[in-house]
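To start, the structure under review is shown below, and the notes come after it.
We did not get these values from a lab; they are worked out from the coordinates using the rules stated. Just so it is clear, the model here is predicted, and its values are computed rather than measured. Cβ: placed from backbone, ideal geometry, glycine included. Neighbour counts: every protein chain shown.
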Amino acid sequence: MNSEKFGGKIGRTIKESQPWWPDSKRAPEGAPNILIVLFDDVGFSDFGCYGSTIRTPTIDRLAAEGLRYTGFHTTAMCSTTRAALLTGRNHHAVGVGCLANFDSGFPGYRGKIAKEAGTLAEMLRMVGYRNYMIGKWHVTPLTESGATGPFDGWPLARGFDRFYGFLDAETDQYAPELVADNTHVTPPGTYETGYHLTADLVDKAIRFIADHTADRPDQPWLTWVALGACHAPHQAPADLIRAYDKEFSEGWDEERSRRLARQKAMGVVPDNTNMPPRNDFVRAWNDLSADEKLVFTRLQGAYAAMLDHADQHLARLIGFLERADIRDDTLVIVMSDNGASQEGGPLGVFNAMGPYNFRFETMDEKVKLLDEIGGPKSHTNFPLGWAMASNTPLRRYKQNTHGGGIRDPLVISWPKKILARGELRHQFAHCSDLTPTLLDIVGATAPETINGVKQQPMTGVSFKASLFDAKAPSRAAPQYFEMFGHRGLWKDGWKAVAFHPSGTPFDNDKWELYHLDHDFSETKDLAAEKPEKLKELVDLWWKEAEANQVLPLDDRFGPRFAESAARFHGARKRFTFHHGMGHVPTDVAPDVRSRSYSIEADVNLPDASAEGVLIAHGDATSGYTLYVKGGRLVHDLNIGGVHTVVTSDRALASGDRRLGVRVRRVTRISPPQFGVGQGVSRYTLTIDGAEAGSVETPLGFVTLIAWSGLDIGFDRSSPVGDYAAPFAFTGLLRKVTVTMDDDQALDGEAVAATEMARQ
């Protein structure tokens, strides 16, 4: 029954009755369309209008037609910033104190937005908006990202009417793991056909807005476009990547200096801003070898090209708004979720999969693979030096609570109402302030209940006044920061901040004090000069931490991830996958890291020509696959692009067959890199239960299988093995069974290192 009270009259016949229709929800007069474009891991200085020479003419044009903020702050990580942006509340307070990859068992760390914290989409829906989500979500626990959900944390359950994108922290740009609404789907193209995720996401954004304009032209919309750019893997057209070789050939030290000079000339930073010393573990560019300079320049080129490429497609989206004659009525917001990533380490990576399974790249190998950087066989991330340059002139990186992790670009344009053109705004603002600001602009108020659930109070503060008044004050409320034990607090232009070395006592952390109003880049530590001010801010941090569910402080990377994996799979040791099922995300698939296990496929081979994939987990950069080719059974173990292949010692007979592989840990050793067990494994093929060939290898899935998930009967668009995807099985595949042995110990610290690389 309809919960709304009927306002008409019902008699015995239609003549004695009076019909009634409830009023449709209508947005307040003048409420704009809202387009939010959220970049990933883009540093403070990477947009052209913030000092970079990376080509971003579309973003630069939006800035010239509106505003740039220089004091916009995020939470230092992707899941957490998204939770704060979506809800208008602090990320710990809504249950996303860290990543959506685990639930640590405490209220602030569930990895999922609490129902008591309604999203912007849920709130705008109540005043007549239609809401569309495109791209990266990453505020649903990844163990809930499979075909059976639960779906209560997916976009459609949190106020969005349509969703097209991915649920994880990252995905391959040529072979992404896509979801349409609540269903996993295969990408509509491949690298060979010219497919790239950024173009696909923009196509869908245009489609959603075009459909809306055709159906509901008088009803406003929210379209949230969360691009994969520029999160690793850095993948972009090869010619665009090479075009940046000359641009960055003089290295990160020179690039930092040039960016700071441009920022001062633009007014993005004050003239008295100092350049901080190089971050830890970053060498002087002039001290590098010729090969290192060559490789590091190309890795930076892949990052720059990914941003350039995204800007080109953003131009298509803005162009559509103009052609549809809705640009003036659309509030456009472009931002990043945190600072540039430190996950590439001092040397950068061609294939991030290998090192986390003790397959380390040499510089000679990187040089030989130079022209494949940014292509479908790569999973690249740039070295620390370039991440440092991205964050110019700020210290440290994503994950940290110094400026390099939490101070980010923010561009806002609304031609009909914001009359400023190319102006700067220096007010402090936090990502939790976005939803209150948009509600303020729309003329809506945060509801007390949503779907019958009493709502938390908003902690974010509207900065609407600053859109129209350059002298509007910053928020009066303090703002805390915390990530992996790194801490910080801003209040009235002052900032206290502490870098926390993992595994050390929190009481040993050194708190620093900066007056940001006079020290943009945090280079003049006033802790010794003003101990009373520092104590005031540190005491306030503890108060805010208690009020927002930050406690208990927890810097244990590994146990949090390992505990979540163990809790999800529990004692389960048998997995059955029937032909015809959909894609299985990695965090839901069988966890075969550092384990012994068996796989067996129940098939019928009609004749000797039958071939194709039985099971494949991963992609071209890492994974395993069991398939039939040339009349024989083949297993391919792909560790960071290095393949260990075993082929059956006899041909397969037609008819009903049981085809499998048995994997056994033979020996274990403990390399010093992570302090965890690596060892020799034996991979033995089986045909109808009988051995059919084996191989031993020291390579194996110690901490990582792949970030791409599992397929049955075919291998999506990025092949694990030596075949052309999807290489669908042409015989009859009934089911595939994976059976785990008892050696189920998971190496927590190694898992942590791996998981941190994917954020």
Next on the checklist: Based on alpha-carbon centroids, what's the gap between the stretch 4-82 and the stretch 164-204 in Å, whole number please?
Outcome noted: 23
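What order do you get for 345-351, 6-12 when each peptide is scored by the mean count of other beta carbon atoms within 10 Å, highest first?
Numbers: 345-351: 22.4, 6-12: 9.7.
Packing order, densest peptide first, comes out as 345-351, 6-12.
Remind me, relative contact order of the stretch 33-468 in percent, using alpha carbon pairs under 8 angstrom and six or more residues apart?
Values: 986 pairs, mean separation 129.5, N = 436.
The normalised contact order for the stretch 33-468 reaches 30 percent.
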Checklist entry - What's the Cα-based Rg to Rh of the stretch 479-547, Rh via Kirkwood? => result 0.95
Checklist entry - Between the stretch 338-388 and the stretch 253-297, how many Å separate their Cα centres? => result 20
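Any chance you could run the full-extension gain for Met581 through Ala608? It's 0.36 nm times the residue separation minus the Cα-Cα distance, nm to one decimal. It would help to have the intermediate numbers written out before the result.
On the way: separation 27, 0.36 × 27 = 9.72 nm, distance 2.57 nm.
Separation in residues times 0.36 nm, less the Cα-Cα distance, equals 7.1 nm.
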Checklist entry - What FRET efficiency comes out for the pair Leu540/Leu419, r = Cβ-Cβ distance, R0 = 35 Å, nearest 0.05? => result 0.40
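About the Cα centre, and with charges only on the beta carbon of Lys, Arg (+1) and Asp, Glu (-1), how big is the dipole of the chain? Nearest 20 debye, please. Write out the running numbers ahead of the final one.
Details: 83 positive and 97 negative charges, 263 e Å.
That gives a dipole near 1260 debye.
Listed highest first by mean packing, meaning other Cβ atoms within 10 Å per residue, what order do 266-277, 614-625 come in?
Numbers: 266-277: 15.6, 614-625: 28.2.
In decreasing order of mean packing, 266-277, 614-625 become 614-625, 266-277.
Using the beta-carbon distance between Ile10 and Lys533 and R0 = 60 Å, what value does 1/(1 + (r/R0)^6) give for FRET efficiency, to the nearest 0.05? Mind showing how you got there, number by number?
Numbers: r = 70 Å, r/R0 = 1.16.
The formula returns an efficiency of 0.30 here.
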Item to check | Span-like helix ranges in the chain, DSSP H, alpha carbon extent 15 angstrom or more, Kyte mean at least 0.0 | outcome: 197-215
Checklist entry - What are the lysines whose alpha-carbon lies under 27 Å from the alpha-carbon of Lys530, with same-chain residues fewer than 8 places away excluded? => result Lys491, Lys495, Lys510, Lys543
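Which length gain, in nm to one decimal place, applies between Val695 and Ala238 when the Cα-Cα distance is subtracted from 0.36 nm times their residue separation? Display every interim value, and only then the final one.
On the way: separation 457, 0.36 × 457 = 164.52 nm, distance 3.67 nm.
Residue separation times 0.36 nm, minus the Cα-Cα distance, leaves 160.9 nm.
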Checklist entry - Amide H neighbours of His91 under 5 Å, counting only residues 5+ apart in sequence or on other chains, H built in-plane at 1.01 Å? => result none
Checklist entry - How far is it, in nm, from the label point at Ala265 to the one at Ser24 when both lie 7 Å from their Cα along the line to the Cβ? => result 5.2
Checklist entry - Hey, rough spin-label estimate for Glu250 and Ala290, points 7 angstrom out along Cα→Cβ, what's it come to in nanometres? => result 2.1
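For Ala571 and Arg207, calculate 0.36 nm times their separation in residues minus their Cα-Cα distance, and state this gained length in nm to one decimal.
Numbers: separation 364, 0.36 × 364 = 131.04 nm, distance 4.47 nm.
Additional length available on full extension: 126.6 nm.
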Checklist entry - Mind listing P(r) for the stretch 33-468? All alpha-carbon pairs, 20 Å bins, whole percents. => result 27, 60, 13, 0
Checklist entry - Which whole-angstrom value gives the distance between the alpha carbon centres of the stretch 401-430 and the stretch 436-504? => result 15
Checklist entry - So how do 708-718, 17-27, 284-294, 378-388 stack up, highest first, on mean other-Cβ count within 10 Å? => result 378-388, 708-718, 284-294, 17-27
Item to check | Computed label-point distance, nm, for sites Ala180 and Asp215 using a 7 Å Cα→Cβ extension | outcome: 1.4
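Just to check, using Stokes-Einstein with a Kirkwood Rh over alpha carbon pairs, what's the diffusion coefficient of the stretch 245-372 at 37 °C and 0.692 mPa s in µm²/s?
On the way: Rh = 17.9 Å.
Once the numbers are plugged in, D ends up at 183 µm²/s.
To the nearest 0.05, what FRET efficiency results for Ala653 and Thr737 with a Förster distance of 22 Å applied to their C-beta separation?
Working: r = 21 Å, r/R0 = 0.95.
Working from the Cβ atoms, E equals 0.55.
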